[in-house]
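In what follows, a structure is listed as structure tokens, so that the remarks can point back to it.
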Amino acid sequence: MKHLPLPVFSLFVIALPLILSNNYYLMALNIAALNVVIVIGLNLLMGYAGQISLGHAAFFGLGAYLSAILTTTCGFPVWPTIPAAMAITAVVAYLIGIPTLKLEGHYLVMATLGFNVIVYIVMIQLSAVTGGPSGFAGIPRLQIGGFAFDSDLKIYYLFWAVAILVLILSLNLIHSRAGRAMAALSHNEIAARCTGIDTETYKVKIFVISAALASLAGSLYAHYISFISPGSFSIFFSLQAVTMVLVGGMGSVWGSLFGAILLSLLPEVLHSVKEYNVLVYGFILMAVLMFFPRGLFPAGRSFCIAMIRKKT
Amino acid sequence: MISPADPHMDTAVLEAKNITVRFEGLEALSRLSFAISPRRIVSIIGPNGAGKTTLLNAITGVYPIHAGEILFQGKSISGLKPFQIAALGITRSFQQAQLFMNMTVLENVMVGMHSRTTSGFFKGMLRLPSERKEERIISAQSRDILDEFGLISKAADMAGHISILDQRRLEIARAMAARPKILLLDEPAAGLTIREMEAMADLILGLREKGQTIILVEHNMRLVMAISDHLIVLHHGVKIGEGRPEDIQKNRQVIEAYLGKKV
Ligand SMILES: Nc1ncnc2c1ncn2[C@@H]1O[C@H](COP(=O)(O)OP(=O)(O)OP(=O)(O)O)[C@@H](O)[C@H]1O
Ligand SMILES: [Mg+2]
């Protein structure tokens, strides 16, 4: 029972393209997979370290631009560049996290917010390297040996394999010693410290992992779209990622999965109501946060459990 | 001081030397010195605001001490962080139970084993065999502890859903999961009924029986006098008396300051 959701979800992901008629949705689903990776990582930070980052778009952007520059400008091979970009992003996150996470309170929000603004400005101003406001084009696509990921369908399976892998690793993590320590420190920091948990180091580690996951998504994004521009990495995307965490449910890994999918696909579905789509989007967000403050997924699960109990 | 130090006492496992803790002008502990012998129940008593909880917070590194020194097994622990002090072997319960309410009873005890175990993020993510093995050991030992504390039937309950007595038991179980050299208890019987208090007294005595060193902060004089080996009396952050329970009961200064009509 406990292990059932994962294979069921995986089968669903494998089967979905077979019943989808429109390739347009495939592209939206591919972006959704990357958002899943970012949002699960961000939720580890928000749900388990009690900290908020408003800079995840910047880490996403670092991954994308590092991949773009290192492969296109410097000619490095694509696959090793992706973990290298993650490592560089991790170091950057570490340098931000060390001073801010040692202090009590929400200094990380301010630091990451500022960082995102700076990264965004650098992307625009440093046009010799980044291509400036008009963006960076010609990023090589992903391929393994002779096999090129040259269609949305191929990318779909690759990205969702990555997303499901991140899901599995995160589920493993929260059911491990480190995961319990994270849950402990997010719930009661003093008790956690007096129980022997080095809460400061844990918070920094979670933040670094979280940033590295955003970087991974950024690299994959760059090699998929093959063109990137600063607009995708502004503070608004950071806010969107935070919203996905909140809608899915803080501290729920499955919630993040559904929050990310839901809010990634919602604008596509709302396309038919064109002028009002921002309005409808905002209204749905507000309603969710007002009526299900713990998030949609935990609320839905409690409801299902209650229904099952009623029947038996 | 009331009675001279017991000549048969073993060397002190914990020693405070002239420690002072201040809060903006208020001296919550002033030049306090004492020594704790192993395998005893040493109780800290004193009226509200005497500085008892502050003392436990100073020992566990939650509050910094402004002067003096605390020695644990002969080495200074002043300036260490709470997690380091816990790892060295000093764990505690809190005046207001501080459980991890978002976890089950079993998981609370499993967290208590944190400092005795090692698996980190990557082992946990990848479920490496060594991590699985450690996890099985943690789980089995935690169940043993729950069994010992009479909580095994509630292992899967959420920590917030069990009775007050059970929550206090669980907090002690979690602290004991670290296999501490010294266990600190902050008013473990507060809010309990007479019968529950007796159960708590038995539990604490049972731990001492097994050789556990315990520092107990407790308001209830009947309980304190019945189970303590040694008492330290605090008043306005100053030690005003120390000795065996029967000696303390005879001490006039202590009676006036604290015990009053109760004795
Ligand atoms: N964090 C703090 N900041 C400021 N003052 C504090 C703090 N903690 C304790 N105090 C003060 O220090 C003094 C001692 O408090 P403490 O909690 O140690 O007393 P106590 O002996 O545990 O009392 P009680 O029996 O009520 O638990 C009190 O005057 C209290 O107001
Ligand atoms: Mg107190």
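The values are calculated or read from the model by the stated rules, or taken from the named source; none is laboratory data. Just so it is clear, the model here is predicted, and its values are computed rather than measured. Neighbour counts are summed over all protein chains in view; Cβ atoms, including those assigned to glycine, are modelled from backbone coordinates with ideal geometry. The protein model used for the area step is the full one, side chains on, heavy atoms only, and it has no ligands, DNA or RNA in it. Shrake-Rupley method; radii C 1.70, N 1.55, O 1.52, S 1.80 Å.
Annotations for the structure displayed:
- Members of A:K102/B:K123; A:K102/B:K75; B:K52/B:K133; A:K203/B:K181; B:K81/B:K239; A:K203/B:K17 lying beyond 30 Å, as alpha-carbon distances in this model show: B:K52/B:K133; A:K203/B:K17
- For B:I240, the residues whose amide H sits under 5 Å from its own are B:V233, B:L234, B:H235, ignoring neighbours fewer than 5 places away on the same chain, with H placed 1.01 Å from N.
- Per the Cα gyration tensor, chain B maps to an equivalent ellipsoid with semi-axes of 33, 21, 16 Å, ordered largest to smallest.
- Look at the alpha carbon pairs under 8 Å that are at least 6 residues apart: their mean separation over the length of chain A gives a relative contact order of 33 percent.
- Summing +1 for each Lys or Arg and -1 for each Asp or Glu among the other residues whose beta-carbon sits under 14 angstrom from that of A:M27 gives -2.
- When the Gaussian network model of chain A links Cα atoms closer than 10 Å, the mean-square fluctuations of A:F115, A:F233, A:F76 top out at A:F76.
- Here B:K250 is the anchor, and the aspartates and glutamates within straight C-alpha reach of less than 17 Å, apart from those fewer than 8 places off in the same chain, are B:D229, B:E242.
- Between A:V91, A:V208, A:V280, the residue with the greatest mean-square fluctuation in the GNM of chain A (Cα pairs under 10 Å linked by springs) is A:V280.
- Highest-MSF residue in chain B out of B:T118, B:T213, B:T60 [GNM, Cα springs under 10 Å]: B:T118
- Heavy atoms of A:T73: accessible area, 1.4 Å probe, square angstrom to 10: 100 Å²
- Along each principal axis, Cα extent of the range A:25-234, largest first, Å: 54, 36, 29
- Placing one equal scatterer on every Cα of the range B:102-179 and applying the Debye formula, the log10 ratio I(q)/I(0) at q = 0.18, 0.23 Å⁻¹ is -0.68, -0.99.
- Helical runs assigned H by DSSP (4 residues or longer) give chain B a calculated mean residue ellipticity at 222 nm of -10000 deg cm²/dmol, each run adding -39500 (n - 2.57) before division by the residue total.
- Sequence of A:M86, B:M221 when ordered by accessible area, the most exposed leading, probe 1.4 angstrom: A:M86, B:M221
- Heavy-atom SASA rank of B:E69, A:E104, A:E268 (probe 1.4 Å, accessible area, largest first): A:E104, B:E69, A:E268
- Using the Cβ-Cβ distance between B:E27 and A:Y107 with R0 = 22 Å, the FRET efficiency computed as 1/(1 + (r/R0)^6) comes to roughly 0.10.
- Rounded accessible area of A:Y120 (nearest 10 Å², 1.4 Å probe): 80 Å²
- Each residue was assigned an accessible area with a 1.4 Å probe, and for A:H106 the value is about 110 Å².
- Counts of other chain beta carbons within 10 angstrom of each beta carbon in peptide B:115-125 average 6.
- Fraction of beta bridges assigned by DSSP in the protein assembly as shown that are antiparallel (%, nearest 5): 60 percent
- Accessible surface, 1.4 Å probe, highest first, among residues A:W160, A:W79: A:W79, A:W160
- Debye intensity ratio in log₁₀ form over the Cα atoms of the protein assembly as shown, taken at each q of 0.07, 0.08, 0.10 Å⁻¹: -0.52, -0.65, -0.90
- Shielding value for A:182-189 is 5, the average number of Cβ atoms from other chains within 10 Å of each residue's Cβ.
- Computed per residue of chain A from DSSP H runs no shorter than four, each worth -39500 (n - 2.57), the mean residue ellipticity at 222 nm is -24500 deg cm²/dmol.
- Packing here is the average count of other Cβ atoms within 10 Å per residue, and on that basis the peptides A:237-249, A:38-50, highest first, run A:38-50, A:237-249.
- Sites counted here are trypsin sites (Lys or Arg not before Pro) in a DSSP loop (not H, G, I, E or B) having no more than 16 other Cβ atoms within 10 Å; the longest part of chain A that contains none of them is A:142-293.
- Note on B:85-97: average number of Cβ atoms from other chains within 10 Å of each residue's Cβ is 2.
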